[in-house]
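Peer 1: This is the structure I have questions about; it appears just below.
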Amino acid sequence: MTSRLEAIDLAIGHGTVLADGLSLSVAPAEIVAIVGPSGSGKSTLLASLAGVVPALGGHVLVDGIDVTAWPVHRRRIGMIFQEPLLFPHLDVGDNVAYGLRRLGQNRREARAQALEALAWVGLDGYADRPVERLSGGQAQRVALARALAPRPAVLLLDEPFSALDAELRQRLAADVADLLRREATAAVHVTHDLDEAAAMADRVLRMPPEPGQPLARVPR
Amino acid sequence: MGGGDGSLSLPRWVGWAWLVPGAFLLAFLAYPLVALGARILDGLGQSALVPVGTGQVAALAAAQALASTALALAVGLPMANVVSRYRFRGRALAQALVTIPFVLPTVVVALAFRSLVGPGIPQGLFLVVVAHAYVNLAVVARIVGAQWAQHDDRHEAVARTLGAIRWTAFRTVTLPALVPSIAASAAVVFVFSFSSLGIVLLLGGGSTRTLESQVLRQTSVLLDFPGAAATAAIQLVVVSAILLGGAALSRRSPRRVMRPIRLRRPTSRSGTIGVRVTSAGIAVLVLAPVLALAVDSLRSRGSWSLAWWQAIGSVDAGTTRIGSPLSALGTSISYALITAAIAAVVGGLAAVAVLGRGPTRWIALVAVVPLGVSAATVGLGTLLAYGRPPLDLRATGLLVPLAHALVAVPLVVAVVAPALRGTDDRRLAVAACLGARPTRAFLTAYGPVLRIVMLASAALAGAVSLGEFGAASFLARATNPTVPLQIVRLLGRPGEESYGVAAALAMVLVAITLVLVLLVDRLGTSRQPAAVGTP
Amino acid sequence: MGVKALLAAGIATAAALSACGGTAESASGTVRLLTHESFVLSQSLIDDFQARTGLVLEVVTAGDAGSMVAGAILAAGAPTADVLFGVDNTLRSRAVGAGVFAPYASSAADALRPELRDDTAGGLLTPVDFGDVCVNIDDGFFASAGLAPPSTLEDLASPEYRDLLVVEDPGTSSPGLAFLLSTVARYGDQWPDYWRRLAANGVTVAGSWTDAYMGDFTKGGGGGDRPLVVSYATSPPAEIVYASDPKPERPSTSVMPDGCYRQVEYAGVLAGASNPAGAQAVLDWLLSPEVQADLPLSMFVLPARDGVALPDVFTRFAPAIANPLQIAADEVAAGVPDWLAEWGAVMGR
């Protein structure tokens, strides 16, 4: 189940190069955090790993297989964002079941498994709710369950807690770290909050200030 | 963000906003129709029977309208996508171009089509459907585009990381999110096609009919007023049902937070190609018939010539028909401005009323009803109500813009209401918590969105007025013809010059519209607020 | 911003327009002429009329002739104008029956052509002009095809002229209805059979005159492929008048003299007019030699007044139609609904 994610000499950016020569290796079940000021390309790096934004150079490997040219949906790389981005026309259960349905499960199977994933994030009994009746924290938990339900090889987290208030943020960050460890899912967590990064991750890297420089390890 | 929480802090006048559209509809729709109905019932001595064959005509018109709507959506959705979401060279022009077909007088569209396809494609259902789709592209592109521009496409990115291929992500995430605007625009296109007159008469070859063309035939050929009233009533019922259905569909979808519009460049090579192909497609599709007309305006006896353009100034000089083309232009433009102002105020307030509580928010649905009333019916009713003593508005020159506003208000509502509903009302609560008075808070929360969509919809309203012919032919003063009236009059007589000058005038109308729409779009984007973060 | 600001802007604009649009008039001195959208005269005539009578003449249009008459019928007794011009012999019976007109016998009526002098619907209407709806021919087409142009209604149904004719839908077009009436007048009860033969011979039906002439007709400008079209006997001179300079020597089209239907346009004082005296003055003026002489070149109709000299293009290219077909107004009113239904059945639409 658990997988390794590697980036080799990656160049990223929207059309023009924002950063290049980025290399990264995330071991199975390892949580790596990447910190850096806003605009440094953290989010773009994640988007390029997932394939949402095409890489401008270099390679992305999942379990040693070069997936750089693969479309997003084949990479098995899950992603959650700052906002939950729940699908507003689906209820909580169908949101979580979305990825399972794409794996070919029928609605009943997917729904059943979604209930399980909701239990991971502490939202038993929420499956039939419309998503607009969730609080911000609950919505982000649903997004997490949705991303993890289809068992991705790697989960990418793009500042998922920054829109929440401080107390909620800490609690949710701890829950997420627990969950990732329990499910032994490799993860890359991008944040501008060094404390949050340190609390969750096995390893913290810093985005390079200039293009062409490597990701540097932040000592603990 | 519970939908109801915010309305606690809505300013009190929102609760009364319905009064303006209510009074407008009462005065300029209900009263004329009642006056007309009363007159017909009042002893013209005929029995009111639904004319034979009405059901068949209605069914045929419904099938035709369905096909027109499907085609308009199929072509309009990619246009909405590209024009409203991507930044590329010529975007503003492409957006303005899309609006052109909508404002061309139907007579001009019909002629342009025939000039383009030649006699090879026979008149009939096919040509009518294609022309309806062409004319209504702007409705789809603008209404859906307004919502699409604010749709957060990271939803699709999420869907893709969850294993959805592009098409699946579009089908399961994008489309459902756009349901409100798609439903709203589809309902409008359906209604326009279902109750279409000009295109049906000109391209239908006589065999394709609508209830509207039946009404005209019953009033002006058979002078069968009770039959016409029955037919018009059936049309009103069908159209109202469709519009209410569309409105219900667009209301059912949940409220959601929209992002401020942020145009982007296409990210991938295939994306770039897609944007280029679609924008080039827009240009070709929209321009081909217009270019055919432009060529017609420059050809005289088989060679290139500016004769028709020069004749614009002199044609019919010294007659009662056309004072000067300049004055017709002035008339058309001032009617368009007044229509835009009336429609923006009336339609905007109807849309705002939706935010309020209680039954008054249904005014937005009622405001859409004028789309279903046949132009001939409105024209005759307005003449009876306001064209003779004691209430004679004809001399004020307001009858035409008022009639145009009646058609334009539903479009304004269709654009503004979904945008307001989609606005994050937490901002309202935040502003209120910060001590803003209700009106101030309202403007803080809804002002930016309101400004953009009101300008866009006012442009649409003005455009409707620029191209409208039916109501104008009933209500305009003979000494103040609009440009479409002039074009139609020119086309109503033989001679090479008539056709050539009509084509040249049509090109002038295209140019004015293009300038108007470009201006308003620019106004809309330059005043657009910087990205507002979620509170 | 402002809903309020917008509202204010709207009101300001409206006020500005109504201010510049309003004509400051004394009500008694204004007379309104209700007419169809094809109405046109030389502006100098109207100026003369106003100067001479001291009346202000306001021309109001209300769609095509049918819509205009429909509006007049609905407003019968409390009209939107004082005098009406443009009701024709296919529509007049219903308007007269609905009490639209007040009796008025213009002294100028004595000067009308003899056959029109008594055509007044019992003193309610006065003929102002007439014209004939005839099949028009693209002469060049037939010359280069080496084919003699058709000369009778019968010819139109014969195989040599297969796929050459375009007509207008009688349900939506005034010349279309006139052409149908001419076939009813010619063939009596057998007219549906004639239309069956026309259909078998490939006739095309267009929705309107504009569509047929400008679109389908080979000489209309729209690049059509039909060299025969139902139009007016005065279309060939119009072709010269509305050509750019230098004007062509002669029109490229001519008129088939058989099967023409005679249309007469009338004027009448509206019952309940607020300015009946003004209305009568307008009606007299419409029959005056000056206005009658202006009619051919402005509206391409022929003067109802006897002895008015026609312009050169008319005498040369619009030959008088010797035996036009016509059906009495009452018969038309009674027959048209059934004829249209029957025509629709025959033509499969």
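Peer 1: How many partner chain Cβ atoms sit within 10 Å of a residue's Cβ in peptide B:390-402, on average, as a whole number? Walk me through the numbers on the way to the answer.
Peer 2: On the way: counts 1, 0, 3, 1, 6, 10, 6, 7, 4, 0, 0, 3, 1.
The per-residue average across the peptide is 3.
Peer 1: Quick one: grab Rg to one decimal and Dmax as a whole number for segment C:61-163, Cα atoms only, in Å.
Peer 2: 20.0, 59
Peer 1: Quickly rank C:54-62, B:456-464 as a protection proxy: mean count of other C-beta atoms within 10 Å, highest first. Intermediate results must be reported in sequence, preceding the final value.
Peer 2: Working: C:54-62: 20.4, B:456-464: 27.2.
Answer by packing, highest mean first, reads B:456-464, C:54-62.
Peer 1: Something else now. Using Cα-Cα distances under 8 Å and only pairs 6 or more residues apart, what relative contact order does chain B have, in percent? Kindly include the intermediate steps, with their values, before the conclusion.
Peer 2: Values: 805 pairs, mean separation 132.3, N = 535.
It rounds to 25 percent for chain B.
Peer 1: Might you tell me the accessible area per residue for the protein assembly as shown, computed with a 1.4 Å probe and given in Å²?
Peer 2: 37
Peer 1: Ranked highest first by the average count of other Cβ atoms within 10 Å around their residues, in what order do B:306-316, B:171-181, C:110-120 fall?
Peer 2: Values: B:306-316: 17.6, B:171-181: 20.1, C:110-120: 15.2.
Put in order of decreasing packing, that is B:171-181, B:306-316, C:110-120.
Peer 1: Can you tell me the FRET efficiency between B:Val179 and C:Ser151 if r is taken as the Cβ-Cβ distance and R0 is 41 Å, rounded to the nearest 0.05?
Peer 2: 0.05
Peer 1: Report the full-extension gain for the segment C:Ser44 to C:Ala345: residue separation times 0.36 nm, less the Cα-Cα distance, to one decimal in nm.
Peer 2: Working it through step by step, the gained length comes to 103.5 nm.
Peer 1: Near B:Ser473, within a Cβ-to-Cβ distance under 13 Å, what is the net charge of the other residues, with Lys and Arg +1 and Asp and Glu -1?
Peer 2: The answer is -1.
Peer 1: Further question: In terms of modelled amide H atoms, which long-range or inter-chain residues lie less than 5 Å from the amide H of C:Phe101?
Peer 2: Under 5 Å from the amide H of C:Phe101: C:Ala271.
Peer 1: Rg (Å, one decimal) plus Dmax (Å, integer) for the alpha carbons of chain B?
Peer 2: Looking at chain B, its Cα Rg and Dmax stand at 23.3, 73 Å.
Peer 1: Give me the distance between the Cα centres of segment B:53-118 and segment A:176-190, rounded to whole Å.
Peer 2: Answer, in whole Å: 51.
Peer 1: Could you state the per residue volume, in Å³, of the convex hull enclosing the Cα atoms of segment B:281-411?
Peer 2: Details: hull volume 24.3 nm³, N = 131.
Once divided by residue count, the hull of segment B:281-411 is 185 Å³.
Peer 1: Counting only DSSP beta bridges with both residues in chain C, tell me the antiparallel percent, nearest 5.
Peer 2: Close to 60 percent.
Peer 1: Go from 0 up to the bin containing the longest alpha carbon distance in segment C:60-111, width 5 Å each, and give me the % of pairs per bin.
Peer 2: The calculated distribution, bin by bin, is 4, 19, 31, 24, 13, 7, 1.
Peer 1: Next question. Can you check what the net charge comes to around C:His36, using other residues whose Cβ is under 12 Å from the Cβ of C:His36 (Lys, Arg +1; Asp, Glu -1)?
Peer 2: -3
Peer 1: Using a 1.4 angstrom probe on the protein heavy atoms only, line up A:Lys42, C:Lys247 by accessible area, largest first.
Peer 2: Largest accessible area first, the list is C:Lys247, A:Lys42.
Peer 1: Give the interface area between chains A and B as buried accessible surface, both sides summed, probe 1.4 Å, in Å² to the nearest 100.
Peer 2: That pair of chains buries around 2200 Å² in total.
Peer 1: Here's a follow-up. Within 10 Å of each Cβ in B:162-174, how many Cβ atoms from other chains are there, averaged over the peptide?
Peer 2: Values: counts 19, 15, 6, 5, 3, 0, 3, 3, 0, 0, 7, 6, 0.
The mean count of partner-chain Cβ atoms within 10 Å per residue comes to 5.
Peer 1: So what's the projected area for chain C, the Cα convex hull averaged over all directions, in nm²?
Peer 2: Quarter of the Cα hull surface area: 22.0 nm².
Peer 1: For segment A:82-139, just list the percent of Cα-Cα distances falling in each 5 Å bin from zero outward, please.
Peer 2: 4, 21, 31, 26, 13, 4, 0
Peer 1: A further question follows. Beyond 27 Å, how much of the Cα-Cα pair distribution for segment B:32-164 remains, as a whole percent?
Peer 2: Every Cα pair in segment B:32-164 considered, those over 27 Å come to 47 percent.
Peer 1: Leaving out ligands, DNA and RNA, what percent of the accessible area of chain B is carbon and sulfur, probe 1.4 Å? Show your work: numbers first, answer last.
Peer 2: Working: 12800 of 18850 Å².
Looking at chain B in its full context, I get 68 percent from C and S.
Peer 1: Return the sequence-ordered ³J(HN,Hα) values of segment B:208-218 in whole Hz as given by the Karplus equation 6.51 cos²θ - 1.76 cosθ + 1.60 applied to θ = phi - 60°, using x for Gly and Pro.
Peer 2: Working through the residues one at a time gives 8, 10, 10, 4, 4, 5, 5, 4, 4, 5, 5 Hz.
Peer 1: Based on the Cβ-Cβ distance from C:Arg197 to C:Ser144, what FRET efficiency comes out when R0 is 35 Å, to the nearest 0.05? All intermediate terms of the calculation are to be shown ahead of the outcome.
Peer 2: Numbers: r = 27 Å, r/R0 = 0.76.
So the FRET efficiency works out to roughly 0.85.
Peer 1: Also, I was wondering about something else. P(r) of chain A in 5 Å steps, Cα pairs, percent per bin?
Peer 2: Spelled out bin by bin, chain A gives 1, 7, 15, 19, 20, 16, 11, 6, 2, 0, 0 percent.
Peer 1: Also, I was wondering about something else. Segment B:51-299: D in µm²/s via Stokes-Einstein (Kirkwood Rh, Cα pairs, 20 °C, 1.002 mPa s)?
Peer 2: 109
Peer 1: Also, I was wondering about something else. For the pairing of chain B with chain C, what total accessible surface becomes buried, with a 1.4 angstrom probe, in square angstrom to the nearest 100?
Peer 2: Numbers: alone 22990 and 15730 Å², together 32600 Å².
Counting protein atoms only, the buried area is about 6100 Å².
Peer 1: With every protein chain in place, what's the accessible area of C:Met299 (1.4 Å probe, Å², nearest 10)?
Peer 2: Per-residue accessible area (C:Met299): approximately 30 Å².
Peer 1: Now for a separate question. Report the local net charge at A:Ser25: Lys and Arg +1, Asp and Glu -1, summed over other residues whose C-beta lies under 13 Å from its C-beta.
Peer 2: That sum, taken over residues with Cβ under 13 Å, equals -2.
Peer 1: If you don't mind, another one. Would you please give the FRET efficiency between A:Ala166 and A:Glu116, computed as 1/(1 + (r/R0)^6) with r the Cβ-Cβ distance and R0 = 22 Å, to the nearest 0.05?
Peer 2: 0.15
Peer 1: List the residues whose amide H sits under 5 Å from the amide H of C:Leu325, counting only those 5 or more places along or on another chain, with H placed 1.01 Å from N in the peptide plane.
Peer 2: C:Cys260, C:Tyr261, C:Arg262
Peer 1: Compute the Rg/Rh shape ratio of the protein assembly as shown: radius of gyration over Kirkwood radius, all on alpha-carbon atoms. Please list the in-between numbers first.
Peer 2: On the way: Rg = 34.4 Å, Rh = 32.3 Å.
Here the Rg-to-Rh quotient is 1.06.
Peer 1: If the chain between A:Ile8 and A:Ala199 were fully stretched, how many nm would it gain, using 0.36 nm times the residue separation less the Cα-Cα distance? Spell out each step's value before the answer.
Peer 2: Values: separation 191, 0.36 × 191 = 68.76 nm, distance 2.68 nm.
Full-extension gain reported as 66.1 nm.
Peer 1: Also, I was wondering about something else. Quick one: work out the % antiparallel among DSSP beta bridges in the protein assembly as shown, nearest 5.
Peer 2: 60
Peer 1: Also, quick follow-up: Antiparallel versus total DSSP beta bridges in chain A: what percent is that, nearest 5?
Peer 2: 45
Peer 1: Stretched out fully, how many nm does the piece from B:Ser305 to B:Ala248 gain, at 0.36 nm a residue minus the Cα gap? Mind showing how you got there, number by number?
Peer 2: Values: separation 57, 0.36 × 57 = 20.52 nm, distance 5.39 nm.
Going from the current span to full extension adds 15.1 nm.
Peer 1: Note down the relative contact order for chain A as a percent, whole number, built from C-alpha pairs under 8 angstrom at least six residues apart.
Peer 2: Relative contact order comes out at 31 percent.
Peer 1: Any idea what the dipole of the protein assembly as shown comes to, in debye rounded to 20, about its Cα centre with Lys/Arg Cβ at +1 and Asp/Glu Cβ at -1?
Peer 2: 4940
Peer 1: Averaged over its residues, how many other protein chain Cβ atoms are within 10 Å of peptide A:94-106's Cβ atoms?
Peer 2: 3
Peer 1: So, one more: To the nearest 20 debye, what charge dipole does segment A:75-142 have about its Cα centre, counting +1 at the Cβ of each Lys and Arg and -1 at the Cβ of each Asp and Glu?
Peer 2: 300
Peer 1: Turning to a different aspect of this structure: Along the Cα→Cβ direction, 7 angstrom out, place labels at B:Trp16 and B:Leu519. What is the inter-label distance in nm?
Peer 2: Between B:Trp16 and B:Leu519, the label points sit 3.4 nm apart.
The values are calculated or read from the model by the stated rules, or taken from the named source; none is laboratory data. Because the structure is predicted, anything quoted here is derived from the model rather than measured. Positions of Cβ are backbone-derived with ideal geometry, glycine not excepted, and every protein chain shown enters the neighbour counts. Protein only, heavy atoms only, side chains kept; ligands, DNA and RNA dropped before computing areas. Shrake-Rupley method; radii C 1.70, N 1.55, O 1.52, S 1.80 Å.
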